[in-house]
Amino acid sequence: MAEITIVRTQQQREDAVSVRVAVFVDEQGIPREEEIDEFDGVAVHCVGYGDDGAPVAAGRLVLMDGYGKIGRMAVLKAHRGSGVGAAVLDLLEREGAARGLRLFKLSAQLSARAFYDRAGYEADGAVYDEVGIPHTAMRKRIAEQR
């Protein structure tokens with residue numbers, strides 16, 4: 001894994017979107033108009049690059065009232081299990097904590113629940129359908145930084 005970074009340039013934004021489209025639209029069949037939404041313009045985005053400099057992972061953090069909503073976590077299939085997704089999630093949490101957030105929420109695909117369990121998230125409610133895929137709400141509270 002070469003680099004995980006908060007998106008600051010237009011190229012980084014395009015790289016993050018390319019990963020999301022590859023995973024959610026091309027692989028999972030989610031309509032592009034549902035994947036790219038009204039929060040994209042205001043969210044903090046993160047992108048992860050492989051050793052060859054190509055984008056391989058993405059995620060975003062939406063600053064809500066009192067918590068951070070993490071979403072659009074995507075890792076290209078060939079890079080799953082490499083730790084790049086955990087690094088993206090960690091950077092988004094650190095960015096949120098730097099902005100004073102202590103509570104993070106997300107909507108996890110059931111197939112990814114174990115990933116979030118390992119990161120300290122807890123399921124919060126019943127399983128529900130989102131874009132034709134079973135999801136569960138999850139949350140994590142972090143300690144105040146000193």
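The values are calculated or read from the model by the stated rules, or taken from the named source; none is laboratory data. Everything numeric in this text was worked out from a predicted model, so none of it was measured. All Cβ positions, glycine included, derive from the backbone under ideal geometry; neighbour counts span all protein chains shown. Only protein heavy atoms, including side chains, enter the accessible area calculation; ligands, DNA and RNA are left aside. Shrake-Rupley method; radii C 1.70, N 1.55, O 1.52, S 1.80 Å.
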Residues that are without any contact (Cβ under 8 Å) to a residue 60 or more places away in the chain and surrounded by 14 or more Cβ atoms within 10 Å (Cβ to Cβ), at least 2 per element: which strands (runs of 3 or more DSSP E) completely within the range 89-146 meet that? 103-109, 133-141
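Within 19 Å of residue 13 (Cβ to Cβ) and in contact with a strand residue (DSSP E or B) (Cβ under 9 Å, 6 or more places away or on another chain): is that true of residue 76 in this structure? Explain how you work it out, then say what you get.
Working: within 19 Å of residue 13 (Cβ to Cβ): yes; in contact with a strand residue (DSSP E or B) (Cβ under 9 Å, 6 or more places away or on another chain): yes.
The answer is yes for residue 76.
Quick check on the range 6-13. Is at least one of its residues more than 21 Å from residue 93 (Cα to Cα) and not in a loop (DSSP other than H, G, I, E, B)? Can you show your working first?
Restricting attention to the range 6-13, the residues satisfying the condition of being more than 21 Å from residue 93 (Cα to Cα) are 10-11.
From what's left, not in a loop (DSSP other than H, G, I, E, B): 10-11.
Among the residues of the range 6-13, at least one is more than 21 Å from residue 93 (Cα to Cα) and not in a loop (DSSP other than H, G, I, E, B), which makes the answer yes.
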Can you run down the residue pairs with Cβ atoms below 9 Å, 6 or more apart or on separate chains, where the first is in the range 55-76 and open to solvent by 10 Å² or more (accessible area, probe 1.4 Å) and the partner is of a type in the set (S, T, N, Q) and at pLDDT 95 or above? 55/12; 55/18; 69/107; 71/107
For the range 22-54, which residues satisfy the criterion of being surrounded by 15 or more Cβ atoms within 10 Å (Cβ to Cβ), out of contact with any Asp or Glu (no Cβ under 7 Å at 6 or more places or on another chain) and among the hydrophobic types (A, V, I, L, M, F, W, C)? 22, 23, 30, 36, 39, 43, 46
Under the condition of being assigned to a loop (DSSP other than H, G, I, E, B) and without any contact (Cβ under 8 Å) to a residue 24 or more places away in the chain, which residue from the range 77-87 is most open to solvent (accessible area, probe 1.4 Å)? 80
